[in-house]
Number of protein chains: 2
Amino acid sequence: MLSKRFQIQSGKLIETIHSTAKLGAHGVWGSDPTQTGVKRLALSDLDKQIKDWFIQETKALGCSIKVDNVGNVFATYPGKNNSALPTGMGSHLDTQPTGGRYDGIYGVLSGLQVLRTLKENNFVPNYPITLVDWCNEEGARFPMSMMASSVWAGICSKETVYQLKDVYDNKTTVEDELKRIGYLGDIECSHSANPLKCHFEIHIEQGPILESMQRKIGVVDSAQAYTWIEVTFMGVAQHTGTTPMEFRRDALLASSKVILDINKMAKSHGGLATVGKLDLQPAVVNVIPEKVTFVIDIRHSDDVAHQEMEQEVEKILKDAALNTIGNGIPLEVSSRTLYKSPVNKFNKDLVALIESSAKEIVGEDNLHHMVSGAGHDSCCTNRLIPTAMIFVPSKDGISHNPKEYTDPKEIELGFRVLLETILKYDSLRTE
Amino acid sequence: MLSKRFQIQSGKLIETIHSTAKLGAHGVWGSDPTQTGVKRLALSDLDKQIKDWFIQETKALGCSIKVDNVGNVFATYPGKNNSALPTGMGSHLDTQPTGGRYDGIYGVLSGLQVLRTLKENNFVPNYPITLVDWCNEEGARFPMSMMASSVWAGICSKETVYQLKDVYDNKTTVEDELKRIGYLGDIECSHSANPLKCHFEIHIEQGPILESMQRKIGVVDSAQAYTWIEVTFMGVAQHTGTTPMEFRRDALLASSKVILDINKMAKSHGGLATVGKLDLQPAVVNVIPEKVTFVIDIRHSDDVAHQEMEQEVEKILKDAALNTIGNGIPLEVSSRTLYKSPVNKFNKDLVALIESSAKEIVGEDNLHHMVSGAGHDSCCTNRLIPTAMIFVPSKDGISHNPKEYTDPKEIELGFRVLLETILKYDSLRTE
């Protein structure tokens, strides 16, 4: 085990998690000061503050900094061979509006702890190591998940994301905010302009599987396919007191049928389907909803089954438009795919490296090979460069919630697996 | 027919409807300038403007004006016996955010046209006649329907409604806005301080019944019972991609089941049940909704059946809390009644007077005895004083929608029935 000879400051990582969580502490769920979530929306003032802090911390370790023109921050710790591509690791520091203190943050701060450990041990790696804070992974404020890693990986254009609008004011764009907070960098956001050799990411599981199996480390073989489908039903706004049931064209009734039907459909396919966001018009107690818009999130670990689910959604929508009306003509229904990602299979060699590190640190009985339920920046980097992920347990499977929690011992074990993996990769890689 | 000897300006009423609709014209649905709805929310600047206009018009006819301390405006046309209580008629000039140009407005402007007709014919009634613009009938901006007529009738207190908050900013109160627009009058808002002898109201049907039966006038015998029940489901916010279906506690899934179940329930009882407003938290595409709040609007023309529906709602809520979860504990569900009104039976003598006027003007085959589906200010006045209503057809039964429409000929016929009824009442009443 390469990390065995390193002095490691136990507890420093969780201390950093807690101290930085003050930038955006939100959603108190217990009496301890660490029992809050974090609300740090992408490109907000708080996001600027955490980016500034990240740069300051990594600079202090001797890192050189690059900021690209979609707000990604790359901190590169020098190695012996600085003309070679850097080994990459990273995640994100932005959160959901109801976020916890681990999602994404744990990955970046574990990477930081790896660099601190190298520095404290005066260790010079063979190759440079770049830690990335990917911009707007959550897509909560500007509605595109893994926004800036998608641009970096060539999945979508810089111009497209510049025009994304703040969902809270429907006005401010990504470009506006990048400029305002000073993170419209001068490096082109692309793998070709600013390449990495590979990408490692450690993350909380955000689901209940490791906890229920009592395993400490998830070795992530792949990330499931997912699609976001935006649906709009158009009915007729009518008075709730004067419109007999058989005369109605109620857009919310149709939407409700869809929500129940996709739930059954997902169960029958062994996949996932959810509606998390739904908007009504006119949204008045005594007016039948005329227009309802919502997004269906469907996921499956198998591409074929995922496609079958997509096809069933179409049938479910048509059925709801036809079978929730009274004597009238069917509701209008339209749908469009906002985002689609196939199953992401991670690089086998990197997965094997993580597995071997995890075996050494937690033992074979404490690791579990698994599929990532969520999308991650690693799903984007995986399109172009060898990528793999490490998971640690999430208490009660809770995430995107202030109560998100991972035991400090598990936090530390995950970091040690990352450190060992980075050291192994550095020692084994050839240019 | 008493109105036979009156010179009547045909078309003046519809002209007034169209000209005043410019104050808040909203929701274009056709190329003609009259093909818009009206958005004139209670206590807004536009509501102030229409109240100012109403006062100016009625003063010009010789009316005296009273403004009470909940924003109701009373315009009294003098009679021979001005110490007697005035004959009342009225409705409201505020609208829904997606309102049309007839709902409420038609009632006030028909009353205005009655007073104009008296004036133009130099007719002095036996008793004074008061036309009322009731404040905030819609309850769209400040969430209480028939707000100020409820206070006037002693159904709720002035203090309660003063504290109601603007649903759009959750801050500004009714009291704030009454002061700001200058309609916190010095007359106490109550029947005892400012009494009326009776109340007549003409209104569009807002439903499809008269049109489908090809009748011109609805003689309204009663208004159906209704209840607004606010429901909150609390589940757990979890990641949509990482939480297996069997681990979920999805507040929107439960709410959707309720929406479908109350629909079936209403049909089986011959009543109405609707959800028009629904709020999600956290309302993010990839987070399972933790908290969903919505209001169930249930109505029935029979009090016993209405009560049975209320009891079934309780069962439906419990069932949804239990039967939409995975392996977890049931969702938390709470409900509270926001508003409840029993069946309102209108005064038989006044209904008979309307029936006789309608027979003379449109003939027996063109009138229909009916139940009001909606609540109206008349439901409040009916608690204390003899009250009755007249309906005219609504095209396609559409209301609370910019496309609300009544044929100008039907608009005119309704007004003539109101005029004849007011004249008959004035001639027949004794102090």
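Just a few scattered comments:
- Options B:28, B:108: the member that is within 30 Å of residue A:289 (Cα to Cα) and open to solvent by 50 Å² or more (accessible area, probe 1.4 Å): B:28
- Qualifying residue in the range A:43-53 (condition: basic (Lys, Arg) and in a helix (DSSP H, G or I)): yes
- Within the option set A:64, A:91, A:44, being in the same structural domain as residue A:27 (by TED's automatic domain parsing), over 21 Å from the mean Cα position of the chain (by Cα) and modelled with pLDDT of 95 or more holds for one residue only, A:64.
- For the range B:402-418, the set of residues classified as open to solvent by 10 Å² or more (accessible area, probe 1.4 Å) and either within 18 Å of the chain's Cα centre (by Cα) or at positive phi (or both) consists of B:402, B:403, B:405, listed by residue number.
- Tallying residues that are buried (at least 24 other Cβ atoms within 10 Å of the Cβ) and either under 29 Å from residue B:247 (Cβ atoms) or among the polar types (S, T, N, Q) (or both) within the range A:419-431 yields 1.
For every residue, the table says whether it meets (1) among the small types (Gly, Ala, Ser); (2) touching a strand residue (DSSP E or B) at 6+ places or on another chain (Cβ under 7 Å); (3) assigned to a helix (DSSP H, G or I).
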site	(1), (2), (3)
B:354	no, yes, yes
B:359	no, yes, yes
B:365	no, no, yes
B:368	no, yes, no
B:371	no, yes, no
B:374	yes, yes, no
B:378	yes, yes, yes
B:385	no, yes, no
B:389	no, yes, no
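- Cβ-Cβ under 6 Å pairs, at least 6 apart or on other chains, the range A:393-415 side in contact (Cβ under 8 Å) with a residue 24 or more places away in the chain and more than 9 Å from chain B (Cβ to nearest Cβ), far side open to solvent by 50 Å² or more (accessible area, probe 1.4 Å) and assigned to a helix (DSSP H, G or I): A:393/A:211; A:405/A:395
- Lone qualifier among A:317, A:331, A:272, A:350 - being within 25 Å of residue A:205 (Cα to Cα), more than 13 Å from chain B (Cβ to nearest Cβ) and at pLDDT 95 or above: A:350
- Condition check for residue A:247: more than 10 Å from chain B (Cβ to nearest Cβ), of a type outside the set (D, E, K, R), within 14 Å of residue A:323 (Cα to Cα) and touching a residue at least 24 places away in the same chain (Cβ under 8 Å): no
- Qualifying residue in the range A:311-319 (condition: open to solvent by less than 10 Å² (accessible area, probe 1.4 Å) and either under 22 Å from the mean Cα position of the chain (by Cα) or free of Cβ contacts under 8 Å to residues at least 40 places away in the same chain (or both)): no
- Whether a residue is at pLDDT 95 or above, open to solvent by less than 60 Å² (accessible area, probe 1.4 Å) and either assigned to a helix (DSSP H, G or I) or in the same structural domain as residue A:257 (by TED's automatic domain parsing) (or both) was assessed, and residue A:296 passes this test.
- Among the residues listed as B:85, B:23, B:61, the single one being closer than 21 Å to residue B:377 by Cα and of a type in the set (A, V, I, L, M): B:85
- Residue check for residue B:393: in contact with a helix residue (DSSP H, G or I) (Cβ under 7 Å, 6 or more places away or on another chain) and either modelled with pLDDT under 95 or among the basic types (Lys, Arg) (or both): no
- Scanning the range A:177-190 for residues that are surrounded by fewer than 16 Cβ atoms within 10 Å (Cβ to Cβ) and either more than 16 Å from residue A:75 (Cα to Cα) or not assigned by TED's automatic domain parsing to the domain that holds residue A:40 (or both) gives A:179, A:180, A:182.
- Within the range A:9-24, one or more residues are open to solvent by 20 Å² or more (accessible area, probe 1.4 Å) and closer than 26 Å to residue A:173 by Cα.
- Test result for residue A:98, modelled with pLDDT of 95 or more and either on the phi < 0 side of the Ramachandran plot or open to solvent by less than 10 Å² (accessible area, probe 1.4 Å) (or both): no
Results for (1) closer than 30 Å to residue A:386 by Cβ; (2) facing chain B (nearest Cβ under 7 Å), shown as yes or no for each residue.
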| residue | (1), (2) |
| --- | --- |
| A:221 | yes, no |
| A:225 | yes, no |
| A:231 | no, no |
| A:235 | no, no |
| A:238 | no, yes |
| A:262 | no, no |
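- Among the residues of this structure, residue B:358 does not count as one that is crowded, with 18+ Cβ neighbours inside 10 Å, touching a residue at least 60 places away in the same chain (Cβ under 8 Å) and within 25 Å of residue A:239 (Cα to Cα).
- Taken together, the residues in the range B:277-294 that are within 7 Å of chain A (Cβ to nearest Cβ) and either out of contact with any His (no Cβ under 9 Å at 6 or more places or on another chain) or of a type in the set (D, E, K, R) (or both) amount to 6.
- The range B:67-79, residues that are buried (at least 17 other Cβ atoms within 10 Å of the Cβ) and out of contact with any Cys (no Cβ under 6 Å at 6 or more places or on another chain): B:67, B:73, B:74, B:79
The values are calculated or read from the model by the stated rules, or taken from the named source; none is laboratory data. This is a predicted model, so every value here is computed, not measured. Ideal geometry is used to build each Cβ from the backbone, glycine not excepted, and the neighbour counts take in all protein chains shown. To get the accessible areas, we keep the full protein, side chains included, count just its heavy atoms, and leave off ligands, DNA and RNA. Shrake-Rupley method; radii C 1.70, N 1.55, O 1.52, S 1.80 Å.
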